[in-house]
Amino acid sequence: MRKYLFSLDHKVVGLQYYLLALTALIVAVSLSVLMRLRLTWPEDVWPLFSKLLPSAFNNAGQMTPDFYLALMTMHGTIMIFFVLTIAPQAAFGNYFLPLQIGANQMAAPRLGQTSFWITTLAFCILITAFFVAGGAPLAGWTAYPPLSIISSGTGHARGMDLWLISLAVFSIAAILNSLNFMVTILEHRTSGMQLMRMPLTCWGWMATAMISLLAFPVLLAAGLLLLLDRLIGTDFFTPNGMIVNGQIIDLRQGIPILWQHLFWFFGHPEVYLAILPGMGVVSHILATFSRKPVFGYRTMVWATLAIALLGFLVWGHHMFVAGISPYLSMTFSFLTLTIAIPSAIKTLNWLGTMWGGKIRLATPMLYAIGFVSLFVTGGLGGIFLGQSSLDIYLHDTYFVVGHFHLIMGSAAVFAIFAATAFWFPKVFGRQMNEDLGKVHFFLTFIGVYAIFLPMHFLGIAGNPRRYAEISQFIYLNQLQPLHKFITIAMLITVNAQLLFFINLITSTFAGKKVNENPWQATTLEWTVTSPPPKDNFSEPPNVCRGAYDFSLPDAAQDFLMQTQADSMVAEDKPVEPK
Amino acid sequence: MAAAIAILIWFLAIVVVLLFSAGHLGSVNWNFPELITNFSDIDSQFYLTLTITGIAFLLSHLILGYFIFKYKDNNPLVKYSKGNNRLEVTYALGVGIVFIALAVMSQRIWTKIYFAQPTNPTNVLQIEATAEQFRWIFRYSGKDNKFGETLLELVNKDHNPLGLNQKDTNSNDDIVKLSELVIPVDEPIKLILRSHDVMHSFFVPNLRLKQDVIPGMSMATGFEANKIGEYEIACAELCGQGHYRMRAKLRVISKEDFNNWLKSDPPK
Amino acid sequence: MSTVETKIRRTNTTSGGNNTGGDNYNRGGGDEGNNSGSNDGSQTEQPKKHKTSPMLFLTFAMIPIAIFFAAIVFVYLAHEMRNGWTPIAMPAAVLASTLVLIISSVTLEMARKALKAKLLEDFKRWVMVSTFLGITFFTTQLIAWKQLMAKGVYIEAINPHATFFYILTAAHGLHLFGGLIGLSYVLFGAMYYRFSADRRNAVDVTTTYWHFMDGLWIFLFLLLFVWK
């Protein structure tokens, strides 16, 4: 009990986070299945399900639009916070950060464990929202007031309060966890592990931790203020002169748009938070499986930091048509397109890493390649949305939905797949099944394109997002075949994920046993046994080189561990031909 | 294996390009809705962006596929390279110039939309649109060109949706229309947007027009329709369970018809 | 002088294994730089049991705290620009509490200085004074709340300025309470003459945090009642 549930071992904490994220993923994806079914076939009756959750169905047994919005809100919230924030950062980071920098533990092991349990608490609070009177909130993951301030009626009652409390609790956990990461990276690197020798994964985690420290307090503050507006009737975001359910709400002095500023000041960095560790993992894997150093390591580091920084300067691009000053919109639009530059450099460097390499197409590599493709496609969608004038039309349409699902949904999840397949041998001493992995990759890769690409077309045709059905508009009716296609593609893709779970479970017990460094990678975690001993390193490793010394000319092997000193290289030649 | 993935990626790239071109060529129903204003800058900027990003997309995927295909596991000569600063800088500059150029072009359109609106409000037909869960209410000022006073206490969903104060003389000739906006063709319109409850967004796909409506504030937006016909107005900001059915009709009619329509009392 | 030295000796014996010796004691006395860097030099030959410097934690912890308040202040400033913004009159107790907090910062600094100079009795006295002042601050803040409520100004008041006053003082008080816990940890050490490395770090960390909270309060005070 003590050993597993409340262990101070960073590896146990990492696994706990991973399992939590996996659970959250299953819940969130199931919600999205229900959502798509309601959207595509709104007339359908659900005899069995309507008995389980009667409040979500009307008298005829059809799912209500309220419940559709609740599903949407919860899907978004769970995916963004409990999957995409914790899986890449807290799960893999807690497990592998100390291993990669040669530390025996995180800086504050108890803090890591505490933040995991606080996160779990937040998750439980959020799920409870489904079962309280009034049901889950329906204001979307952005919870714009005054919709989120209305305090009675389906989707507006206690569920909304729980949602806000859950997010506040989650923010605290995220801040604590990031504190731990920052201090660990700055103080617990082993001798010789200079910052510029760290694997790019560590840079990803560090950038993410910095973002969390700056962004989550804002969500916490905004969430608490909104909660006060709801619970005791303060005036932060409640505007004057509303009639809600026939009741006049007067003499209020709040400014609803402030919430948007605060929320997106947090919200935009948050989406980078989901992708930056993924970028790190993908760079890491591309180098390892191309048997080449990362192309432009320094540039990658600076691009990571640039993206993290710029992420804080572009929140206004979510509000181009929200009535902020047109001059402000122009500034935000420029800054937004500036982010395309470090992102494009990253893409160049990923391709550059593969160029002239010796590419091994093991499953982690496949997922990484999938990530690059999805990142490019999703990122280019951002070029449209970043332009304020195009955003007038595309804002809040399915174009946006398609865009962010490709780049921060699919790409980030592909990075999680890649990291799972890559590090699985280290965690369990066994490898995941390659054949299952390959089939899963093909199905999922084609699947996510089939789901999210057509959404761009829906957006171009002017289909607003968050519509429970499209039957009310003549110009939308003709899009029904496209919606059907997306739903069917989605059902197939979701079922294909069973392969991943089967693979994960069977490989844990029956996977092929492998040695401590099956991928012939260079970083420190591969120097210890698989699974790593409780105290990681019996003596602190001494790092002699950067993280990606693959195929060094004249070296005896095509990879040099970070711990290998130059004197151990076969020939003593200068090793940096340009 | 390598060939399979390379072909998959190439195939995918080409399919994506074809699908988007299909949308562009108008042969499928997922194109833009018909444009009913002479202001076509947004569409052309969209297609320009589509072309540029399309090229970037195609290039990167062709290269990605090619590398997978070419540099298989048996490649004996691995190019040892830690990067190429000159290439990266050149590339960054190139990408930067293209994207910033796009941004500049986009900003010019933005300026046209937001700063080139008719400044003299007397020439412009002013219409007030009030959003509430889940319908649009439109108000014309009538003969006196003045909107009468509205009071929240007088609001009645069925009989007085805006809460017009009949004691105010300006109110008497105000025309209130539920879920239907009637406008004359070829005439600049100034729309004053208000909300009774939560946030909404006034979205006319055919006009490429969208403006959020924020309670407690009145927002203005301007447009001009140049084509007679019936179109649809949607709500584009989540406003509650009836969001999906918050629809209004946009009827663009000739100027004479519009004047007759205003005179007929109550207007059809 | 001689009494002080015996105290130190006594300290070394009671604090047990944590304290590696007089040399370390001198270095750990108050200089943050030494604390964080102390791993590098002398300890490399033995298996590296990393000891995290709490100061670094504090440095990073202050960032989210500052941002948290910045977010609320942002909302405050936006509200201040609205029409019909009428600030409430400052409750008299607030002035008192501000003074108390400033003085407590000074006394705590004196305590830190005393510890550095190994004047343990002085240290103990100053810490006690600071803790007392800290508690006084909380009391006076509560009195300020009472004063407002007596006037019928509540948190959900028509006047948003009052709401902000309640919110900001509550949030600040909550954060300062963390400082008070740290202070009582230090006080406990001072009472029983326990000066392990951990406790000496705690003095530094608590003092820095207390100053931070002090500065934050002065800023909030100026924001709420002085800058118009």
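Bear in mind these aren't lab numbers, they're just calculated from the coordinates by the rules spelled out. Predicted model only: the values in this text are computed from it and were never measured. Here the Cβ is made from the backbone with ideal geometry for all residues, glycine too, and neighbour counts use every protein chain on show.
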Query raised in the report: Convex hull volume of the Cα atoms in the range A:409-497, per residue, in Å³?
Result: 100 Å³
Query raised in the report: To the nearest 10 degrees, how steeply does helix A:480-510 sit against the main Cα axis of chain A, on a 0 to 90 scale?
Result: 40 degrees
Requested in this report: Can you run the Rg to Rh ratio on the range A:258-313? Use alpha carbon positions and the Kirkwood inverse-distance Rh.
Outcome: 1.14
Report task. Please report, in whole Å, how far the alpha carbons of the range B:19-69 spread along each principal axis, starting with the longest. Result -> 48, 21, 10
Report task. Using only atoms on other chains, find how many Cβ atoms lie within 10 Å of each Cβ of peptide B:103-115 and report the average. Result -> 6
Query raised in the report: Over all distinct Cα pairs, what is the inverse of the mean 1/r for the range A:126-210, reported as the Kirkwood hydrodynamic radius in Å?
Result: 15.4 Å
Query raised in the report: What is the order of B:Trp136, C:Trp126, A:Trp355, fewest Cβ neighbours within 10 Å to most?
Result: A:Trp355, C:Trp126, B:Trp136
Report summary line: Assertion target for A:Tyr18, B:Tyr91, ordered by fewest C-beta neighbours within 10 angstrom first, is B:Tyr91, A:Tyr18
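Can you give the alpha-carbon Rg of the range A:359-432 over 2.2 N^0.38 Å, where N counts its residues? The partial results should precede the final answer.
Working: Rg = 16.1 Å, N = 74, 2.2 N^0.38 = 11.3 Å.
Normalised Cα radius of gyration, the range A:359-432: 1.43.
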Requested in this report: Kindly state, as a whole number, the per residue volume in cubic angstrom of the convex hull around the alpha carbon atoms of the range A:453-578.
Outcome: 228 Å³
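In the calculated pair distance distribution of the range A:470-524, what percentage of Cα-Cα distances lie above 12 Å? Before the final figure, lay out the partial values.
Details: 1139 of 1485 pairs.
That tail contains 77 percent of the Cα-Cα pairs.
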**Report entry** Computed over the range B:125-263, the ratio Rg/Rh where both radii use C-alpha atoms and Rh is Kirkwood
**Finding:** 0.94
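So which of B:Lys143/B:Lys255; A:Lys11/B:Lys82; A:Lys346/B:Lys82; A:Lys346/B:Lys72 end up more than 21 Å apart by C-alpha?
Violating the 21 Å Cα-Cα cut-off are A:Lys11/B:Lys82; A:Lys346/B:Lys72.
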Query raised in the report: Can you work out D for the range A:1-254 in µm² s⁻¹ from Stokes-Einstein, where Rh is the Kirkwood radius over C-alpha pairs, the temperature is 20 °C and the viscosity is 1.002 mPa s?
Result: 108 µm²/s
Report task. Quote the Stokes-Einstein diffusion coefficient, in whole µm² s⁻¹, for the range A:109-255, based on the Kirkwood radius over alpha carbon pairs, a temperature of 4 °C and a viscosity of 1.567 mPa s. Result -> 75 µm²/s
Query raised in the report: So what's Rg/Rh here for chain B, counting alpha carbon atoms and using the Kirkwood radius for Rh?
Result: 1.15
**Report entry** Convex hull of Cα atoms in the range A:258-374, direction-averaged projection (nm²)
**Finding:** 7.5 nm²
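Would you mind getting the Kirkwood hydrodynamic radius of the range C:74-156 from its Cα pairs, rounded to one decimal in Å?
So the Kirkwood estimate lands at 15.1 Å.
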Query - Average partner coverage of B:200-212, which counts Cβ from other chains inside 10 Å - result: 5
Query raised in the report: Against the longest alpha carbon principal axis of chain A, how many degrees, from 0 to 90 and to the nearest 10, is the axis of helix A:256-290 turned?
Result: 30 degrees
Report task. Treat chain A as a sphere of radius equal to its Kirkwood radius over Cα pairs and apply Stokes-Einstein at 4 °C in a medium of 1.567 mPa s; give the translational diffusion coefficient in µm²/s, rounded to a whole number. Result -> 52 µm²/s
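Short version: what are the Cα gyration tensor semi-axes of the protein assembly as shown, square root of 5 times each eigenvalue, largest first, in whole Å?
51, 42, 24
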**Report entry** Shielding of A:79-91 by partner chains, average beta-carbon count, 10 Å
**Finding:** 0
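Using only Cα atoms, what is the ratio of the radius of gyration of the range B:100-181 to 2.2 N^0.38 Å?
Normalised Rg, Cα atoms only: 1.49.
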Query raised in the report: Over its Cα atoms, what ratio of radius of gyration to 2.2 N^0.38 Å does the range B:2-115 give?
Result: 1.45
Query - For peptides A:277-283, A:144-150, B:253-259, sequence by mean Cβ density within 10 Å, most packed first - result: A:277-283, A:144-150, B:253-259
Report summary line: Over all directions, the range A:201-264 yields a Cα convex hull whose mean projected area in nm² is 5.4 nm²
Query raised in the report: What are the radius of gyration and Dmax of the range B:183-268, computed over its Cα atoms and given in Å?
Result: 14.0, 39
Query raised in the report: By how many degrees, 0 to 90 and rounded to 10, does the Cα axis of helix B:2-25 deviate from the longest principal axis of chain B?
Result: 30 degrees
Query raised in the report: How would you rank A:Arg291, B:Arg108, B:Arg251, going from fewest to most other Cβ atoms within 10 Å of each one's own Cβ?
Result: B:Arg108, B:Arg251, A:Arg291
